[in-house]
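The next block holds one structure in the form of structure tokens; read it before the comments.
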Amino acid sequence: MKSFKYTINGNVYKVHVNSVVDDIAEVEVNGTPFQVKMEKPAKKQLVTLKRPAQAPTTASGDPVISRPAQSNAPGAVKSPLPGVILEVCCKVGDTVKRGQKIAVLEAMKMENVINATQDGKIVEIKVNKGDSVLEGADLFVIG
């Protein structure tokens, strides 16, 4: 069951607990077996298992998979990796130049600057500060 090593007055004792039933423990001290009566019965340790919730399934039993809608909007600036939007640096109607910082994305504890992919005006902002985004998700539309 469990093994312990004790040093008492310079003497080393190797104690191996074989079993504990109610208030009787069977132990070996340096290879010599003993039955030890305890004052109180040993506490029984209850182990609570937490099982994850089952993933949702369709009527046919297939797992439900939700993917972000793929947008083919011209001028869409996409997220290069999954993360959290820390800062949105522009607003709808702002004129931006290619390479200009338009947002900051935190991914894997690193701040990543999201730059405009082309010159133009911000037509739509699809994210807010604090939003979690997946890789390839549309962040902005530049027209």
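Only the coordinates and a few stated rules stand behind these numbers; no lab work does. The model shown is predicted, which means the values in this text are computed figures rather than measured ones. Neighbour counts are summed over all protein chains in view; Cβ atoms, including those assigned to glycine, are modelled from backbone coordinates with ideal geometry.
Can you give the longest run of the chain that contains no GluC sites (Glu not before Pro) sitting in a DSSP loop with at most 16 other Cβ atoms inside 10 Å? The longest such stretch corresponds to 40-134. Listed by chain and number, the lysines whose alpha-carbon sits under 18 Å from that of residue 2, ignoring those within fewer than 8 places in the same chain, are 14, 37, 43, 44. Net length available on complete extension from residue 2 to residue 115 is 34.7 nm, with 0.36 nm assigned per residue and the Cα-Cα distance removed.
What number comes out for the charge environment of residue 96, summing +1 per Lys or Arg and -1 per Asp or Glu over other residues with Cβ under 10 Å away? Its environment carries a net charge of +2.
Only one of (i) 15.4; (ii) 16.1; (iii) 21.3 was calculated from the structure for Kirkwood radius over Cα pairs in Å, and its label is (iii). Springs join every pair of Cα atoms under 10 Å in this Gaussian network model of the chain, and among 18, 128, 112 the largest mean-square fluctuation is at 18.
GNM on the chain, alpha-carbon springs under 10 angstrom: the most fluctuating residue among 94, 22, 119 is 22. Using C-alpha pairs below 8 Å separated by at least 6 residues, the relative contact order for the chain is 18 percent.
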